[in-house]
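Novice: Structure incoming, see below.
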């Protein structure tokens, strides 16, 4: 992966690399050790509860009876100010405004914790492409020439080959399809290696997956999904947030939560018709 620092993260160069290059970059220096330690402590606390262990990709974990070794923590924003700082970091906002348009939104923010012995995932692409194994359900001619997704992983632990650092096949975002056995994913894959505090930013249309954690330590990250404003978010985050949080949200957070984008609306004529029907 191309590597950048907070000072060298050029939006034009990164956008070109995500869309036309390998599809992923690493950015260092965005978060302090204290921010990472705070986020990790919160994730550890919540991931110990039984109700926070559901993942989108449980196939391998369920088959092997080890779902407890791969855990998700959802609805992070009200769990600590540090998660708002991560989601709306100025460097990320600047890059993503170039990549996804000036009014992009956030589709999800969650933590993924893979414990030692935890299983990996099947190679996949992310929402809104995640069910592209059923291409007939999508419009004809859909392709990867423009992005409808960006994924951010804020590393809370070391991402090494042993700990299951995310594997991805460079340039696969250009094809916009699921990998098949014939593609020999693992033979062509590279890894998103990094240290706590690093950020892996990638186009979710690249073939990728978490790998098994064969190390002696956790492999945890904050996963943030960003979308163009007209793509329906993966989660209804405003509905899960306290009214006080929304009232105090910064302009950037309001944008990320989709509060600045009025669609869908109920038009006045529809309201009037519904009112008449109830009389």
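The values are calculated or read from the model by the stated rules, or taken from the named source; none is laboratory data. Quick caveat, the model's predicted, so the values are computed rather than measured. With ideal geometry, Cβ positions are generated from the backbone for all residues, glycine too; neighbour counts draw on all protein chains shown.
Novice: Against the condition over 30 Å from residue 249 (Cα atoms) and under 17 Å from the mean Cα position of the chain (by Cα), how does residue 110 come out, does it pass?
Specialist: When the stated conditions are applied, residue 110 does not pass them.
Novice: Restricting the first residue to the range 172-186 and requiring it to be part of a helix (DSSP H, G or I), which pairs with a second residue that is at pLDDT 95 or above and surrounded by fewer than 16 Cβ atoms within 10 Å (Cβ to Cβ) meet a Cβ separation below 8 Å and a spacing of at least six or different chains?
Specialist: As it stands, the answer is 174/20, since those pairs meet every condition given.
Novice: Filter the range 63-106 down to the residues that are closer than 14 Å to residue 253 by Cβ and assigned to a strand (DSSP E or B), then identify the one that is farthest from the chain's Cα centre (by Cα).
Specialist: Looking at the filtered set, the residue picked out is 105.
Novice: Go through (1) over 14 Å from residue 152 (Cβ atoms); (2) touching a residue at least 40 places away in the same chain (Cβ under 8 Å) for residue 226 and report which single condition fails.
Specialist: Every listed condition holds for residue 226 apart from (1).
Novice: If you don't mind, another one. Restricting the first residue to the range 247-270 and requiring it to be closer than 22 Å to residue 102 by Cα, which pairs with a second residue that is modelled with pLDDT of 75 or more and part of a loop (DSSP other than H, G, I, E, B) meet a Cβ separation below 6 Å and a spacing of at least six or different chains?
Specialist: 252/88; 253/88; 254/260; 257/237; 261/229
Novice: When the range 160-171 is examined, which residues are found to be within 20 Å of the chain's Cα centre (by Cα) and either more than 19 Å from residue 133 (Cβ to Cβ) or free of Cβ contacts under 8 Å to residues at least 60 places away in the same chain (or both)?
Specialist: Once the filter is applied, which keeps residues that are within 20 Å of the chain's Cα centre (by Cα) and either more than 19 Å from residue 133 (Cβ to Cβ) or free of Cβ contacts under 8 Å to residues at least 60 places away in the same chain (or both), the range 160-171 yields 160, 163, 164, 165, 166, 167, 169, 170, 171.
Novice: Is the range 237-250 home to any residue that is closer than 24 Å to residue 40 by Cβ, touching a strand residue (DSSP E or B) at 6+ places or on another chain (Cβ under 6 Å) and not in a loop (DSSP other than H, G, I, E, B)?
Specialist: no
Novice: Quickly run through the range 187-222 and pick out the residues that are surrounded by 18 or more Cβ atoms within 10 Å (Cβ to Cβ) and not in a loop (DSSP other than H, G, I, E, B).
Specialist: Passing the criteria: 194, 199, 200, 201, 202, 208, 209, 219, 220, 221, 222.
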